Amino acid sequence: MKAVELKNIVKTYSTKKSVVTAVDNVSFSVDEGELFGLIGPDGSGKTSIFRILTTLLLPDSGSAAVLGHDVTQDWKEIRNIVGYMPGRFSLYQDLTVEENLEFFATVFNTTIQENYDLVADIYKQLEPFKTRRAGKLSGGMKQKLALSCALIHKPQMLFLDEPTTGVDPVSRKEFWEMLKRLKAQGISILVSTPYMDEANLCDRIALMQSGKILEIDKPQNIVDRFGKNLYAVRSDNMYKLLNDLRSFPKTESCFAFGDYHHLLLKENGSKAGELESYLISKGHTNLIVAEINPGIEDCFMQLMKK
Amino acid sequence: MTTKEIVIKTDKLTKRFGDFIAVNEISFEVNQGEIFGFLGANGAGKTTAMKMLIGISKPSGGKAEVAGYDVYKQTEQIKKSIGYMSQKFSLYEDLTIKENIQLFGGIYGLSDEQIETKSKNLIDKLNLQSEADKLIVSLPLGWKQKVAFSIAILHEPKIVFLDEPTGGVDPITRRQFWDLIYEAAHSGITVFVTTHYMDEAEYCDRVSIMVDGAITALDSPDNLKAKFGARSMEEVFIKLARSAKRGE
């Protein structure tokens with residue numbers, strides 16, 4: 001059985017003036033015990049997919065199932081066995097940390113004590129603040145509480161819609177460590193993120209853009225298929241370098257990537273020498289040109305252009 | 001060498017909420033035309049500090065001048081000299097691109113002719129000729145943010161404050177956004193920016209990192225990496241922010 005299976009899902013939203021296709025004929029599946037990532041910017045259709053899978057939204061067409069249960073027929077069963085952390089903070093702001101957790105446990109006919117081992121790891125960090133109202137918590141803390149509440153009924157499948165958006169790098173790192181431990185306990189996880197660097201932490205990913213899937217595979221396989229020579233370039237004047245690289249006749253594209261610029265040339269093959277003399281003639285100093293392996297973000301940008 | 005004009009100067013700037021010290025005696029200077037990255041973990045005090053600098057929150061102590069104006073007494077002058085955009089609020093969604101330009105141009109006191117010229121330049125530069133009369137709500141997020149930034153610098157402010165301007169934006173648009181930032185800085189506008197993307201911290205001339213209300217590091221990305229023996233700004237950030245004691 002698949003943890004999640006979508007077949008040709010279409011979802012449109014209509015306003016008076018226009019029809020927006022949020023999910024455009026999307027099919028993919030998540031294996032049991034898998035940590036699967038939907039990677040894409042805002043507006044790529046990730047949230048609509050989550051809402052369809054959690055039975056909060058009906059698709060226009062296509063079919064979808066969660067752990068063998070159909071999303072339109074068996075919504076009651078699905079709601080009992082999944083945990084969902086929506087993108088927007090959706091806990092009760094005027095209940096305390098502890099009251100929120102207790103509330104969600106009660107709704108699912110269980111107690112905090114019964115499943116404490118599952119959330120202990122996360123909830124321990126919240127315990128010093130357990131009498132604080134949820135609305136008064138900071139971003140990182142809200143996110144930990146929301147995850148605890150999504151887990152307290154021991155779901156078999158976890159849906160996490162952009163849990164790390166707007167969260168600082170330290171809290172993001174901790175969050176992914178928590179996900180790894182949950183996966184180790186056998187929970188299947190579908191998680192979305194706009195941060196490309198988080199893609200490598202997933203077993204498999206779907207890269208999404210404007211309601212469509214650009215590619216689905218293991219992160220490493222996607223990177224291996226890049227198939228072009230990619231160069232990292234830096235010099236003392238990065239702004240001028242970017243403009244000079246873009247006006248180099250053999251450049252296909254050039255983008256800033258942290259402390260280097262990433263450069264794709266029109267034809268494969270070693271042009272590094274020619275490039276270096278061009279840049280030196282433009283007056284660049286402390287020049288570094290190195291061929292590098294692409295990352296998921298390079299792949300995503302390449303796929304976006306197709 | 002000419003000395004660069006200092007456009008932001010704080011001296012032990014502090015904000016307390018009751019017993020809680022949100023911003024604890026921060027002192028720093030930002031030069032004209034600089035891209036200054038203002039980093040910190042969630043809850044470190046960045047937003048509170050920024051609110052004081054843009055003149056919408058009165059400090060509890062210390063001194064600060066923005067564009068030469070005092071943050072206690074000259075907040076109206078400050079507001080005229082700066083631009084501001086954030087991920088959360090940028091433009092009026094139920095107005096078109098052109099209408100937003102007219103509205104903000106009017107608020108900043110530009111003449112009708114100025115608005116007309118700037119409107120045309122902005123639309124040409126962003127290649128939005130066919131979208132100019134469409135409602136903002138119908139634009140993809142990335143375009144919205146590019147328009148919002150261009151409008152935030154429409155009145156040619158001395159400083160533009162950007163609060164997580166690229167959150168949720170696709171990787172190509174995110175870089176096009178930074179092209180706009182580079183260009184603005186090149187034309188002499190100082191850019192004061194917060195972000196959670198550590199690759200973007202690398203694009204800044206200098207970066208400050210706030211931990212528990214205080215600035216614990218301030219230097220160019222290269223110097224910070226050397227100082228902390230880190231390969232990337234992400235490592236620098238994690239080393240510093242892990243020492244945070246504040247329970248957020």
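The values are calculated or read from the model by the stated rules, or taken from the named source; none is laboratory data. If you're wondering where the values come from, they're calculated on a predicted model, not measured in any experiment. Methodologically, a virtual Cβ is constructed for each residue, glycine included, from the backbone with ideal geometry; neighbour enumeration extends over all protein chains shown.
Checking B:Val236 against (1) crowded, with 21+ Cβ neighbours inside 10 Å; (2) free of Cβ contacts under 8 Å to residues at least 60 places away in the same chain; (3) within 11 Å of chain A (Cβ to nearest Cβ); (4) closer than 26 Å to B:Val66 by Cβ, only one condition comes out false. Which one?
(4)
Please enumerate the residues belonging to region B:205-229 that are in contact with a helix residue (DSSP H, G or I) (Cβ under 9 Å, 6 or more places away or on another chain), part of a loop (DSSP other than H, G, I, E, B) and away from chain A (no Cβ under 11 Å).
Once the filter is applied, which keeps residues that are in contact with a helix residue (DSSP H, G or I) (Cβ under 9 Å, 6 or more places away or on another chain), part of a loop (DSSP other than H, G, I, E, B) and away from chain A (no Cβ under 11 Å), region B:205-229 yields B:Gly213, B:Phe228, B:Gly229.
I'm trying to understand the selection: among the residues of region B:223-233, which are within 15 Å of B:Tyr197 (Cβ to Cβ) and surrounded by 17 or more Cβ atoms within 10 Å (Cβ to Cβ)?
B:Met233
Just one of (1) of a type in the set (Ser, Thr, Tyr); (2) surrounded by fewer than 16 Cβ atoms within 10 Å (Cβ to Cβ); (3) away from chain B (no Cβ under 14 Å) trips up A:Thr131, so point out which.
(3)
Which members of region B:149-171 meet the condition of being within 14 Å of another protein chain (Cβ to nearest Cβ) and farther than 19 Å from B:Leu53 by Cβ?
B:Thr166, B:Gly167, B:Gly168, B:Val169, B:Asp170, B:Pro171
Can you find a residue that is within 30 Å of A:Leu201 (Cα to Cα), β-branched (Val, Ile, Thr) and more than 10 Å from every other protein chain (Cβ to nearest Cβ) anywhere in region A:236-253?
Taking every residue of region A:236-253 in turn, none turns out to be within 30 Å of A:Leu201 (Cα to Cα), β-branched (Val, Ile, Thr) and more than 10 Å from every other protein chain (Cβ to nearest Cβ).
For region A:192-263, which strands (runs of 3 or more DSSP E) that fit wholly inside it have 2 or more residues that are surrounded by fewer than 21 Cβ atoms within 10 Å (Cβ to Cβ) and of a type in the set (Asp, Glu)?
A:212-217
Here are A:Arg88, A:Arg79: which of them is charged (D, E, K, R) and within 14 Å of chain B (Cβ to nearest Cβ)?
One residue alone meets the criteria, A:Arg88.
For region B:135-163, enumerate the residues that are touching a Gly at 6+ places or on another chain (Cβ under 7 Å), farther than 20 Å from B:Tyr108 by Cβ and in a helix (DSSP H, G or I).
Listed by number, the list holds a single entry, B:Leu141.
Being surrounded by fewer than 18 Cβ atoms within 10 Å (Cβ to Cβ) and either touching a Pro at 6+ places or on another chain (Cβ under 6 Å) or in a loop (DSSP other than H, G, I, E, B) (or both) is the filter here; which residues of region B:1-31 pass it?
If the condition is that a residue be surrounded by fewer than 18 Cβ atoms within 10 Å (Cβ to Cβ) and either touching a Pro at 6+ places or on another chain (Cβ under 6 Å) or in a loop (DSSP other than H, G, I, E, B) (or both), then B:Met1, B:Thr2, B:Thr3, B:Lys4, B:Glu5, B:Gly18, B:Asp19 are the ones that fit.
May I ask you to verify whether A:Ser281 is among the polar types (S, T, N, Q) and touching a residue at least 12 places away in the same chain (Cβ under 8 Å)?
The answer is no for A:Ser281.
Go through (1) in contact with a Ser or Thr (Cβ under 7 Å, 6 or more places away or on another chain); (2) among the polar types (S, T, N, Q); (3) over 27 Å from B:Ser220 (Cβ atoms) and name the single condition B:Asn42 misses.
(3)
Name every residue in region A:81-106 that is of a type in the set (A, V, I, L, M, F, W, C), modelled with pLDDT of 95 or more and over 15 Å from A:Leu158 (Cβ atoms), in order of residue number.
A:Leu95, A:Val97, A:Leu101, A:Phe103, A:Ala105
Evaluate region B:177-186: report whether one residue or more is surrounded by fewer than 17 Cβ atoms within 10 Å (Cβ to Cβ), of a type outside the set (S, T, N, Q) and more than 12 Å from every other protein chain (Cβ to nearest Cβ).
So far as region B:177-186 goes, no, none of its residues is surrounded by fewer than 17 Cβ atoms within 10 Å (Cβ to Cβ), of a type outside the set (S, T, N, Q) and more than 12 Å from every other protein chain (Cβ to nearest Cβ).
For the condition assigned to a helix (DSSP H, G or I), in contact with a strand residue (DSSP E or B) (Cβ under 8 Å, 6 or more places away or on another chain) and of a type in the set (Val, Ile, Thr), what is the one hit in B:Val191, B:Val236?
B:Val236
Residues of region B:52-74 being on the phi < 0 side of the Ramachandran plot, buried (at least 16 other Cβ atoms within 10 Å of the Cβ), touching a strand residue (DSSP E or B) at 6+ places or on another chain (Cβ under 8 Å) and not acidic (Asp, Glu), which ones?
Result: B:Met52, B:Leu53, B:Ile54, B:Ser57, B:Pro59, B:Ala64, B:Val66, B:Val71.
Which members of region A:145-191 meet the condition of being within 14 Å of chain B (Cβ to nearest Cβ), of a type in the set (Ser, Thr, Tyr) and farther than 19 Å from A:Leu38 by Cα?
A:Ser171
Kindly indicate the residue of region A:192-212 that is among the charged types (D, E, K, R) and within 21 Å of A:Gly295 (Cβ to Cβ) and also nearest to the other protein chains (Cβ to nearest Cβ) among those meeting that condition.
For region A:192-212, the residue satisfying everything is A:Asp197.
If you check A:Ile122 against the conditions, is it at pLDDT 90 or above, surrounded by 15 or more Cβ atoms within 10 Å (Cβ to Cβ) and at negative phi?
no
Hey, any hits in region A:137-145 for a residue that's of a type in the set (Lys, Arg), assigned to a helix (DSSP H, G or I), surrounded by 18 or more Cβ atoms within 10 Å (Cβ to Cβ) and touching a residue at least 40 places away in the same chain (Cβ under 8 Å)?
yes
Name the residues in region B:182-211 that are hydroxyl-bearing (Ser, Thr, Tyr) and at pLDDT 95 or above, would you?
Matches in region B:182-211: B:Thr190, B:Ser208.
Criterion first (within 14 Å of chain B (Cβ to nearest Cβ), over 19 Å from A:Leu182 (Cα atoms) and either in contact with a helix residue (DSSP H, G or I) (Cβ under 9 Å, 6 or more places away or on another chain) or of a type in the set (S, T, N, Q) (or both)) does A:Lys17 satisfy it?
yes
Considering each of A:Gln113, A:Gln73, A:Gln93 in turn, give the residue that is away from every other protein chain (no Cβ under 14 Å) and in contact with a helix residue (DSSP H, G or I) (Cβ under 6 Å, 6 or more places away or on another chain).
That would be A:Gln93, the only listed residue that is away from every other protein chain (no Cβ under 14 Å) and in contact with a helix residue (DSSP H, G or I) (Cβ under 6 Å, 6 or more places away or on another chain).
Among the strands (runs of 3 or more DSSP E) lying completely within region B:32-88, list those that include at least 3 residues that are more than 14 Å from chain A (Cβ to nearest Cβ) and in contact (Cβ under 8 Å) with a residue 12 or more places away in the chain.
Those strands (runs of 3 or more DSSP E) span B:61-66, B:82-86.
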